[in-house]
Amino acid sequence: MEQTKIILDENEIPKQWYNVLSDLPFPIDPPLDPQTWEPINPEALEPIFPKAIIKQEMSDERYIDIPEEILDIYKLWRPTPLYRAYRLEKYLKTPAKIYYKYEGVSPAGSHKSNTSVAQAYYNMKEGTERITTETGAGQWGSALSLGCNYFDLECKIYMVRSSYYQKPYRKSLMTVWGANVVPSPSKDTKFGRKILEEQPNTPGSLGIAISEAVEDAVDHDNTKYSLGSVLNHVLLHQTVIGTESKKQLEKVETYPDIVIGCCGGGSNLGGISFEFIKDRIKGKGNTRVIAVEPSACPTLTEGEYRYDFGDTAEMTPLLKMYTLGHKHVPPAIHAGGLRYHGDNPIISKLCAEGLIEAVSYNQYPIFDAAVQFARTEGIVPAPESAHAIRCAIDESLKCNQKGEEKTILFNLSGHGYFDMSSYDMYFNKELV
């Protein structure tokens, strides 16, 4: 019998981030200046981001070294474990082999710390004193609070209003690590006040929260803005997930036929899949990569592939991506981290070129899968991560029908222990 838990030694933590842009057989359309709609000059981003982050965002260098100060903090939770889901396989009576990479072991409870620590570090090195950001369900806000805590930075978080009230303990966790958290739209920014006047009962959106955080950063000389998904440097930092997963599967002489991740902005999907997409591009494998999103916010499955703003107030650069429109406000589903109107440009291009597939589900089958997983594997998944579980279960059931023995890998990007009110609503049949 193969190992249930496949672990790596601390010395096997990746020492470099992998930049998939270096291997893509097609160009990525550049970000555009929101004023001129011409390709943006990197210097135009300096009021928002530190120079090192801008360099990474624009880089096509294949591997970028991870600084020792970041690796020292990564060692608190990395390498993360890879599990073979034997109990789930038995429950499903499937010939498929199901593996999951568990990122919920980080202090903040999700994969987001892989980039929050890096972004806080680079801001600290360039003299930033304060960072602003948005957060949906709170995983990103929690992770950035942790990163800022380690590097003595102030942290102001605009949390999407629906999640602020759905998930109060996420807010508490951010406060423990020293962050100042407000529901978005808020009265702390001009744009927030404008939205509250126009839509006093709005559930908020990531697009609105991004606008508030960017406005705050631009208005303060000691402040920069930090983003938890969507941009290329964020996905770059997340590639430690896929690099470790590949090493772990090699230990049991296995290679995935299917790689699955939930997809809001694209960070955890890119993190686990880019290593295998690289192999496919180079003719070394034929792994299917599947992005899973909520039916309430189906950007890849129903959006338009075009240039759009990353925020509601039209302050950010325009990105070529699948989008539902930057004014779109999705329903207040409990997978708050997936309520974003667009997707990362690399993910979008890979989807347009057929190297990534996309599917969507509504909330009830997602929570059905989450409960099945918790009752077999023991971990209560975040509602976002449960999207990947739903797809992994469905793909394994297809193996039952076809008599195929495929290897499925999915990213369990975070735990759901701050989401129990969502599970209560599921059991009470009160979900939207």
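One residue is enough: does the range 229-240 have a residue meeting the conditions out of contact with any helix residue (DSSP H, G or I) (no Cβ under 6 Å at 6 or more places or on another chain), in contact (Cβ under 8 Å) with a residue 24 or more places away in the chain and not hydrophobic (A, V, I, L, M, F, W, C)? No - not one qualifying residue is present in the range 229-240.
Among the residues making up the range 392-404, those that are at pLDDT below 95 and either closer than 17 Å to LEU82 by Cα or not in a helix (DSSP H, G or I) (or both) are GLY403, GLU404.
One line per residue, one yes/no per condition, for (1) among the small types (Gly, Ala, Ser); (2) more than 20 Å from LYS125 (Cβ to Cβ):
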| residue | (1), (2) |
| --- | --- |
| GLY141 | yes, yes |
| ASN149 | no, no |
| ARG161 | no, yes |
| SER172 | yes, yes |
| VAL182 | no, yes |
| LYS190 | no, yes |
| GLU198 | no, yes |
| LEU206 | no, yes |
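If you go through the range 337-371 and keep only what is surrounded by fewer than 19 Cβ atoms within 10 Å (Cβ to Cβ) and without any contact (Cβ under 8 Å) to a residue 60 or more places away in the chain, you end up with ALA352, GLY354, PRO365, ASP368, VAL371. The number of residues in the range 354-366 being in a helix (DSSP H, G or I) and not aromatic (Phe, Trp, Tyr) comes to 3. Among the residues of the range 305-329, those identified as touching a strand residue (DSSP E or B) at 6+ places or on another chain (Cβ under 8 Å) and part of a loop (DSSP other than H, G, I, E, B) are GLY310, MET315, THR316, PRO317, LEU324, GLY325, HIS326. Annotation note: of ASN180, ASN222, the sole residue that is in the same structural domain as GLU61 (by TED's automatic domain parsing), over 28 Å from GLY261 (Cβ atoms) and free of Cβ contacts under 8 Å to residues at least 60 places away in the same chain is ASN180. When the test is whether a residue is within 23 Å of the chain's Cα centre (by Cα) and either loosely packed, with under 13 Cβ neighbours inside 10 Å or assigned by TED's automatic domain parsing to the domain that holds HIS326 (or both), ASP65 passes it.
Conditions tested, residue by residue: (1) within 21 Å of ILE272 (Cα to Cα); (2) in contact with a helix residue (DSSP H, G or I) (Cβ under 7 Å, 6 or more places away or on another chain); (3) basic (Lys, Arg).
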position	(1), (2), (3)
ARG84	yes, no, yes
LEU92	no, yes, no
PRO95	no, yes, no
ALA108	yes, yes, no
HIS111	yes, yes, no
ALA137	yes, yes, no
LEU146	no, yes, no
LEU153	no, yes, no
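Which of the numbered conditions does HIS220 fail, given that it passes all the others? Conditions: (1) closer than 17 Å to THR132 by Cβ; (2) surrounded by fewer than 17 Cβ atoms within 10 Å (Cβ to Cβ); (3) in contact with an Asp or Glu (Cβ under 8 Å, 6 or more places away or on another chain); (4) not β-branched (Val, Ile, Thr). Single failed check for HIS220: (3). Scanning the range 295-332 for residues that are touching a Lys or Arg at 6+ places or on another chain (Cβ under 9 Å) and surrounded by fewer than 20 Cβ atoms within 10 Å (Cβ to Cβ) yields ALA296, TYR305, ARG306, TYR307, LYS320, PRO331, ALA332. Taken over the range 210-242, the criterion of being within 23 Å of ILE346 (Cβ to Cβ) and aliphatic (A, V, I, L, M) is satisfied by ILE210, ALA213, VAL214, LEU227, VAL230, LEU231, VAL234, LEU235, LEU236, VAL240, ILE241. For the range 1-24, a residue qualifies if it is in contact (Cβ under 8 Å) with a residue 12 or more places away in the chain, within 17 Å of THR80 (Cβ to Cβ) and assigned to a helix (DSSP H, G or I), and the qualifying residues are GLU10, GLU12. Within the range 367-391, restricting attention to residues that are in a helix (DSSP H, G or I), in contact with a strand residue (DSSP E or B) (Cβ under 8 Å, 6 or more places away or on another chain) and not hydrophobic (A, V, I, L, M, F, W, C), the residue that is farthest from GLN139 (Cα to Cα) is GLU377. Scan the range 372-393 for residues that are surrounded by fewer than 17 Cβ atoms within 10 Å (Cβ to Cβ) and of a type outside the set (Gly, Ala, Ser) and the total you get is 2. Just for helices (runs of 4 or more DSSP H) wholly inside the range 33-117: which have at least 1 residues that are under 19 Å from GLN16 (Cα atoms) and touching a strand residue (DSSP E or B) at 6+ places or on another chain (Cβ under 9 Å)? Of the helices (runs of 4 or more DSSP H) lying wholly inside the range 33-117, those with at least 1 residues that are under 19 Å from GLN16 (Cα atoms) and touching a strand residue (DSSP E or B) at 6+ places or on another chain (Cβ under 9 Å) span 51-58. Is it true that VAL259 is over 17 Å from ILE13 (Cα atoms), assigned by TED's automatic domain parsing to the domain that holds LEU324, touching a His at 6+ places or on another chain (Cβ under 7 Å) and at pLDDT 95 or above? No: the conditions fail for VAL259.
Every condition in (1) small (Gly, Ala, Ser); (2) surrounded by 21 or more Cβ atoms within 10 Å (Cβ to Cβ); (3) in contact (Cβ under 8 Å) with a residue 60 or more places away in the chain; (4) part of a helix (DSSP H, G or I) is met by SER421 except one, and the failing one is (2). Just one of the numbered conditions (1) over 25 Å from the mean Cα position of the chain (by Cα); (2) closer than 13 Å to GLU154 by Cβ is not true of ASN201: (2).
The values are calculated or read from the model by the stated rules, or taken from the named source; none is laboratory data. Not measured: the values here are computed from a predicted model. All Cβ positions, glycine included, derive from the backbone under ideal geometry; neighbour counts span all protein chains shown.
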